[in-house]
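Asks: Structure incoming, see below.
Here, each number is a calculation from the coordinates, and none is a lab measurement. Owing to the predicted nature of the structure, the values given are computational and were not obtained by experimental measurement. Note that each Cβ is placed from the backbone with ideal geometry, even for glycine, and that neighbours are counted across all protein chains shown.
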Amino acid sequence: MQGMVAATISSAGGFDLDTSLSADALKVRPGQTQVGDADTGKETIFAETENARADGLTVKSPTVNLPLVQGVHLEIASTDSNIGLGNVALNAATLRTPNGASLNNVTLGQAQSRSGFSDTSQASGYDATGFSLVSGESTLNNISAKAYAVTLGGLSLNNLSLSVKRS
């Protein structure tokens, strides 16, 4: 598949996201997502990037059991080494970079309102005076996240694989 589209991937049960990411800017704050009914919230890490690019991408849905087929999941993947994502908003339960990260011009502990977050952000949990981390040019190597929602400003890649796999 070739071309560019805006995309949102979300799941109340969460999904696995694996990639390496570079961005012109990164900002992170605590967040919250609704899980199950509207009165149930779960704490999250809410991150926004500017002009992000990914090196490979894998999204794996939770496992479901279907009649006659036990344990399958949907997998979305690309081996493209230069995937244009535009601006990205990530709402995740966990976000790990076991092979390290490089953050430039970091401001840690700045108020969310001074970091450019607002109460209209895509994840609830905004607190004008609450904690945030802001960075300029950033590289996050081998991200492994348990995500609830990802909104991409665009998706520009040279290949895409959609498949149902046995878990």
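Asks: Counting Lys and Arg as +1 and Asp and Glu as -1, each charge on the Cβ, what is the dipole of the chain about the Cα centre in debye, to the nearest 20? Can you show the working numbers first?
Replies: Numbers: 10 positive and 14 negative charges, 58 e Å.
Value, rounded to 20: 280 debye.
Asks: Same structure again: Given +1 on the Cβ of Lys and Arg, -1 on the Cβ of Asp and Glu, and no further charges, what dipole in debye does the stretch 73-167 carry about its Cα centre, rounded to the nearest 20? Before the final figure, lay out the partial values.
Replies: Numbers: 5 positive and 5 negative charges, 59 e Å.
Its charge dipole is roughly 280 debye.
Asks: Ok, one more. Would you mind putting 8-21, 105-118 in packing order, based on average other-beta-carbon counts within 10 Å, highest first?
Replies: On the way: 8-21: 17.0, 105-118: 14.4.
Sorting 8-21, 105-118 by mean packing, highest first, produces 8-21, 105-118.
Asks: Cross-link candidates for Lys165: which aspartates and glutamates have Cα within less than 15 Å, leaving aside residues fewer than 8 places away along the same chain?
Replies: Asp16, Glu75
Asks: Taking the alpha-carbon distance from Lys27 and a cut-off under 19 Å, which lysines remain once sequence neighbours fewer than 8 residues away in the same chain are dropped?
Replies: Reachable lysines: Lys146.
Asks: How big is the gap, in Å, between the Cα center of the stretch 42-76 and the Cα center of the stretch 143-157?
Replies: 9 Å
Asks: Quote the relative contact order of the chain in percent (integer), defining contacts as alpha-carbon pairs under 8 Å separated by 6+ residues.
Replies: Working: 482 pairs, mean separation 61.8, N = 167.
RCO, the chain: 37 percent.
Asks: Cβ under 12 Å from Glu75's Cβ, Glu75 left aside: what net charge do those residues give with Lys, Arg +1 and Asp, Glu -1? Write down the numbers at each step before the final one.
Replies: Numbers: positive: Lys60, Lys165, Arg166; negative: Asp16, Asp18.
Net local charge, Glu75 excluded: +1.
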